[in-house]
Amino acid sequence: MADTVLYDVTDGLATITLNRPEAMNALNVEAKVRLRDTLQEAAADPAVRAVLLTATGRAFCVGQDLKEHIGLLGEDRANGTGSTMSTVREHYNPIVTALTEMPKPVVAGVNGVAAGAGAGFALAADYRVVADSASFNTSFAGVALTADSGVSWTLTRLIGHSRAADLLLFPRSVSAQEAQELGIANKVVPADELAAEAAAVARRLADGPTVAYAALKESLAFGAGHSLAEALGKEEELQARAGASEDHHIAVEAFVKKEKPVYLGR
């Protein structure tokens, strides 16, 4: 049986690929565990300087595997338990936390439909390169569920409360073009160019100043929920960290010499 999630690290770039194309990369328990553990491994690995999250087949990820889910719900009813929904705590929350708090940039290469938790994972990335044939769908209300996978947090910050409420209360397919207009997609490319373009964006980040990128991620997340005074204090703290990095010294020396800096990621 093929691995549900593929993992490769080459020259600082970790590529994580959802690999259940026959199921449109629906998330069964095996895939969720594997994705969670792989992301945490990438986050902790000092050799990884950027992450590319993508998928095989015609879908990015359609969210929860409902065929498996309905069987688990039946077991819950038979046993008088509600353990099925513990997947939010055990899988989805750690996955989104790993994506958003990872001290290195994450690019989502969205090759096809991203629905439910699949949309949540894409939204949790720092940058989304989207195939022109791809689409997004919150889908939760369509199966009588509320948002998970961080969507209530990420979607609101990307497109605002009113538009987020519209997409959550009335789930529909959002085309790549509309996603770009709304601010969900950073870049839309022809489908046959998606793999190369997403890899190129991720490679550029993997070759960049990793400490500075980590500080940028932290400052953006902090600023979203704090006052200006608090954000200024956080910027001071993070700038001291970035300024002490070896990459900052490399960048300044390269600027003075009018050369292109070659960063070390530290």
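Shown in residue order for segment 160-169 are the 3J(HN,Hα) couplings computed by the Karplus curve 6.51 cos²θ - 1.76 cosθ + 1.60 at θ = phi - 60°: x, 4, 4, 5, 5, 4, 4, 6, 7, 6 Hz (x for Gly and Pro). Neighbours of V143 by Cβ distance under 15 Å: Lys/Arg scored +1, Asp/Glu scored -1, total -1. Of all lysines in the structure, the ones whose alpha carbon falls short of 26 Å from that of K187, not counting any fewer than 8 places away in one chain, are K104, K217, K260. How much net charge surrounds A185 when only other residues with a Cβ under 11 Å from its Cβ are counted (Lys, Arg +1; Asp, Glu -1)? Neighbour charge sum, excluding A185 itself: -1. DSSP bridge analysis restricted to segment 35-179 gives an antiparallel fraction near 15%, rounded to the nearest 5. For A50, the residues whose amide H sits under 5 Å from its own are A14, ignoring neighbours fewer than 5 places away on the same chain, with H placed 1.01 Å from N. Only beta bridges with both residues in the chain are counted; by DSSP, about 30 percent of them are antiparallel. Of the peptides 205-217, 138-150, the order by per-residue mean of other Cβ atoms within 10 Å, starting with the highest, comes out as 205-217, 138-150. Each residue in R172, R128, R203, R89 was given a count of other beta-carbon atoms within 10 angstrom of its own, and listing them fewest first yields R89, R172, R203, R128.
Once C-alpha pairs closer than 8 Å and six or more residues apart are averaged by separation and normalised to the residue number of the chain, the relative contact order reads 17 percent.
Just so you know, all these numbers are worked out from the coordinates, no wet-lab data involved. As the structure is a prediction and not an experimental result, all values here were calculated from the model. Every residue, glycine among them, receives a Cβ derived from its backbone with ideal geometry; neighbour counts consider all protein chains shown.
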